[in-house]
């Protein structure tokens, strides 16, 4: 689940705030000592300002945590962020004053403390305002967006819609509402949001549309067999939120895969179930490594890209790169990039060699595909070098280095309900299947099960092992 309240991110954010606070104190010290008018300039040698700075760091660290300064920016207005920050700094000043009284620190400059207070507020405001505006603009452009489907058509649904509407930069978008009465279909709820079906249409909507979260915003007792619909969302890999009521004890569903926690959603308390990893700090490290590795490798690979481009142009007519529509996170469509290893009209010729398909299920694979460009195409595919342009997809945020391979939409249409859960994690350039010996003899069902096991057991150590096994496959040319 993509949450910004990750422990790792919180620690990094708090570290930045402490650094800015320390910088404000140091700046205030030199302003008072060197830059004020002569009548106000200068500082006594007592007290030891290093001790005072250490005291501030400790007090501010605690105060920042107590005043919820690190709740998700997606779920707050900047006004709320500023007020919490002002309360935290003011509380820190109050506690520090009490500590100075208790420890009899009487010689510290009140003017310097006043300058420090103003600089601290200013630096923190600029920092948080900049981050808030960048994230809001980023989400408004559709990046890191979350598509919401609401079950409910009355006041609780309106409350959720209002909460999302009040946070235009939150990155949440409501696809529509589901009711329990077909007569309500087409009814407008609020802000142009309509009832697009009933709960009986849930499976079809989850298959046909990109849904990141399903919110139950109505009493569960009014939904016949509510457990069935929650189980369906879990099976597909869609996160579930339940706006609780006094009847929540009637929910007898016990998740097989999902983890459960209580979480605030834009000011609305919800019970949340998610089937993806909750190791948010590790996920942040994974994402950071993805972007850093992709950027550095692309720069270093420029000579190789030029050489391959020339070789493709010499050996085959057509473009250097092959672009194909694939299904990404929760079914989002994007263009995947590869070096072209087949003849120009390879996709059109697939129907002519359909009987040569060696894979079961919806996947099409041939060991000795006649459409491959002689020599060059085989080399690129065996070494996996044809996948290198997908580093661009990684930089665009569409893919990860490690994760289930992105399927063709036509394949996704043939998935069983449970198999769609492999779309609940960002697709990758390489995966467990690609580093498995005799992978091409693996059945489609086993392949799908490997991807689901990867999602269920994900860890940085697992990614590390897949990464180095992939390097070994590339060096030995054992791919296809």
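Looking only at region 386-397, which residues are modelled with pLDDT under 90 and either surrounded by fewer than 20 Cβ atoms within 10 Å (Cβ to Cβ) or closer than 18 Å to residue 292 by Cβ (or both)?
Correct list: 395, 396, 397.
Could you list, in sequence order, the residues of region 207-231 that are at negative phi and out of contact with any strand residue (DSSP E or B) (no Cβ under 9 Å at 6 or more places or on another chain)?
207, 208, 219, 221, 222, 224, 227, 228, 231
Inside region 435-454, can you point out the residues that are within 25 Å of residue 386 (Cα to Cα), in a helix (DSSP H, G or I) and in contact with a helix residue (DSSP H, G or I) (Cβ under 8 Å, 6 or more places away or on another chain)?
Hits for region 435-454 are 435, 439, 447, 448, 450, 451, 454.
Could you list all residues from region 336-349 that are modelled with pLDDT of 70 or more and surrounded by 14 or more Cβ atoms within 10 Å (Cβ to Cβ)?
336, 337, 338, 339, 340, 341, 342, 343, 344
Filter region 455-480 down to residues that are modelled with pLDDT of 85 or more and in a loop (DSSP other than H, G, I, E, B) and give me whichever is farthest from residue 392 (Cα to Cα).
Across region 455-480, the extreme among qualifying residues is 457.
Right, residue 85: in contact with a helix residue (DSSP H, G or I) (Cβ under 9 Å, 6 or more places away or on another chain), in the same structural domain as residue 12 (by TED's automatic domain parsing), buried (at least 20 other Cβ atoms within 10 Å of the Cβ) and more than 28 Å from residue 39 (Cα to Cα) or not?
yes
Of the conditions (1) within 25 Å of residue 420 (Cβ to Cβ); (2) in contact (Cβ under 8 Å) with a residue 24 or more places away in the chain; (3) touching a strand residue (DSSP E or B) at 6+ places or on another chain (Cβ under 8 Å), residue 189 fails just one. Which one is it?
(1)
Take the conditions at positive phi, surrounded by 15 or more Cβ atoms within 10 Å (Cβ to Cβ) and modelled with pLDDT of 90 or more and apply them to residue 403. Does it pass?
So residue 403 passes the test.
Tally time: how many residues in region 200-235 are buried (at least 21 other Cβ atoms within 10 Å of the Cβ) and outside any strand (DSSP E or B)?
Qualifying residue count, region 200-235: 12.
Scan region 136-155 for residues that are touching a helix residue (DSSP H, G or I) at 6+ places or on another chain (Cβ under 7 Å) and at pLDDT below 70 and jot them down.
144
The values are calculated or read from the model by the stated rules, or taken from the named source; none is laboratory data. Worth saying up front: this structure is predicted, and the values here are computed from it rather than measured. Please note: Cβ atoms are built from the backbone with ideal geometry, for glycine as well, and neighbour counts cover all protein chains shown.
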